[in-house]
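Let me begin by presenting the structure, written as structure tokens, before commenting on it.
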Amino acid sequence: MDTAPADAPPDSRRRFYLIAGEASGDLHGSNLIRALKAKGPCAFRGMGGDRMEAAGMQLARHIRTTDFMGFLVVLMNLRTILRMFSQIKADLLAFKPDAVILIDYPGFNLRMARFCHQHGIQVFYYISPQVWAWKKSRVKQIRAYVDRMYCILPFEREWYRPYEVEAEYVGHPLLDAIEEGHFGDKPENPSILALLPGSRKHEIARMLPVMLQAASTFGELKPVLAAAPTQPPAYYAQLARAYPQIEVVYNDTYRVLRAARYALVTSGTATLEAALHEVPQVVCYSGNWLSYQIARRLVKISYISLVNLIMDRPVVTELIQKDMRPSRVAEELHRLVYDAERRRSMLEDYRMLKERLGGGGASEKAAESIWGHLKSRS
């Protein structure tokens with residue numbers, strides 16, 4: 001439950017206000033909180049989810065109420081978003097933080113960066129928005145309002161250099177998150193098919209029925225759905241009611257991926273998670289027609305999955321819009337199941353991907369840098 005704005009802590013602890021708006025941000029924010037706490041006494045408040053709360057942050061607003069993505073969805077919920085922005089602004093000022101840490105979620109967080117800058121609050125941005133893909137104009141806001149940008153993709157720091165943005169590459173936090181949850185080698189179970197339909201209600205509604213229909217044509221596979229903690233069990237039960245054979249695992253995607261032999265994955269962070277767990281995958285995405293048409297004209301990238309973007313070539317198959325239909329998904333899944341060379345090649349590319357990402361320690365490096373910048377201004 002969201003709580004009322006808090007008074008500033010009466011002691012000498014560093015006060016951090018963190019803002020995440022998605023499940024992946026909640027995961028990475030929780031690890032960053034733990035790394036910051038290891039550097040010295042801290043107090044945390046902000047917008048996030050269960051993981052950030054468990055790590056020690058007092059929630060002003062939960063991410064289950066921030067489920068807005070796509071042009072039309074944002075427009076339809078604009079009044080709610082504006083109310084949310086007003087609430088967080090007031091709560092942030094009442095908390096009197098030493099610094100604000102913004103985690104991805106650019107549509108909301110770049111506006112918040114401007115607000116914080118106007119009030120003389122230091123702004124750190126953890127996990128760079130994908131401004132290199134679209135809305136390049138946002139780099140002007142970043143240069144003006146963000147004190148330090150922390151990049152998690154290897155090419156981002158160099159991309160920022162011509163724009164004179166204070167950017168630092170810390171590595172990808174998924175490397176640490178996955179390493180923490182890894183217990184031994186992958187089980188030799190050839191039958192588990194992981195279904196990762198996303199975390200937002202509207203994308204789950206589009207992706208999951210198609211994934212289920214495609215999976216149902218493979219009697220030898222056991223579909224296991226990785227359900228997001230932001231959606232109630234009843235929602236998944238409604239969408240999967242025609243598929244009683246499916247197993248649903250709540251709030252433990254990594255356990256599903258550790259056991260999986262194959263995966264159907266909605267484009268996003270999950271594509272990289274599947275790759276780092278060494279699970280051959282088919283990437284799926286279908287959005288609102290109008291939103292997709294607008295995005296297609298604005299986005300300046302060749303791929304939608306992080307795997308292909310980082311490798312800069314088609315390592316995994318991407319089925320987008322009209323191509324994401326049950327027959328095509330089943331066709332690509334068939335290639336993974338029955339083409340041993342296809343699987344071998346993808347797994348080799350995954351190993352190259354991990355090398356390209358570099359070593360772990362992203363949360364530790366970001367926390368060290370944040371503490372250093374705060375001390376330099378004391």
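Of note:
- Subset tally (residues that are open to solvent by 30 Å² or more (accessible area, probe 1.4 Å) and touching a residue at least 60 places away in the same chain (Cβ under 8 Å)) for the range 201-219: 5
- Residues of the range 320-378 classified as within 25 Å of the chain's Cα centre (by Cα), under 16 Å from Y126 (Cα atoms) and either of a type outside the set (V, I, T) or not in a helix (DSSP H, G or I) (or both), total: 11
- Scope the range 49-79; condition buried (at least 22 other Cβ atoms within 10 Å of the Cβ) and at pLDDT 95 or above; matching residues: M52, M57, A60
- Here I370 fulfils each of the conditions (1) at pLDDT below 95; (2) touching a Phe, Trp or Tyr at 6+ places or on another chain (Cβ under 7 Å) apart from (1).
- Residue, modelled with the lowest pLDDT, within the range 189-205, restricted to residues that are farther than 19 Å from R64 by Cα and not β-branched (V, I, T): N189
- Of the helices (runs of 4 or more DSSP H) lying entirely inside the range 199-274, those carrying at least 2 residues that are under 20 Å from M346 (Cα atoms), under 23 Å from the mean Cα position of the chain (by Cα) and not small (G, A, S) are 253-259.
- Matching residues, the range 122-145, being surrounded by 19 or more Cβ atoms within 10 Å (Cβ to Cβ) and in contact (Cβ under 8 Å) with a residue 40 or more places away in the chain: F124, Y126, I127
- The number of residues in the range 132-178 being on the phi < 0 side of the Ramachandran plot and touching a Gly at 6+ places or on another chain (Cβ under 6 Å) comes to 2.
The values are calculated or read from the model by the stated rules, or taken from the named source; none is laboratory data. This one's a predicted model, so the numbers in the text were calculated from it and none came from an experiment. Neighbour counts are summed over all protein chains in view; Cβ atoms, including those assigned to glycine, are modelled from backbone coordinates with ideal geometry. Accessible surface areas use protein heavy atoms only, side chains included; no ligands, DNA or RNA. Shrake-Rupley method; radii C 1.70, N 1.55, O 1.52, S 1.80 Å.
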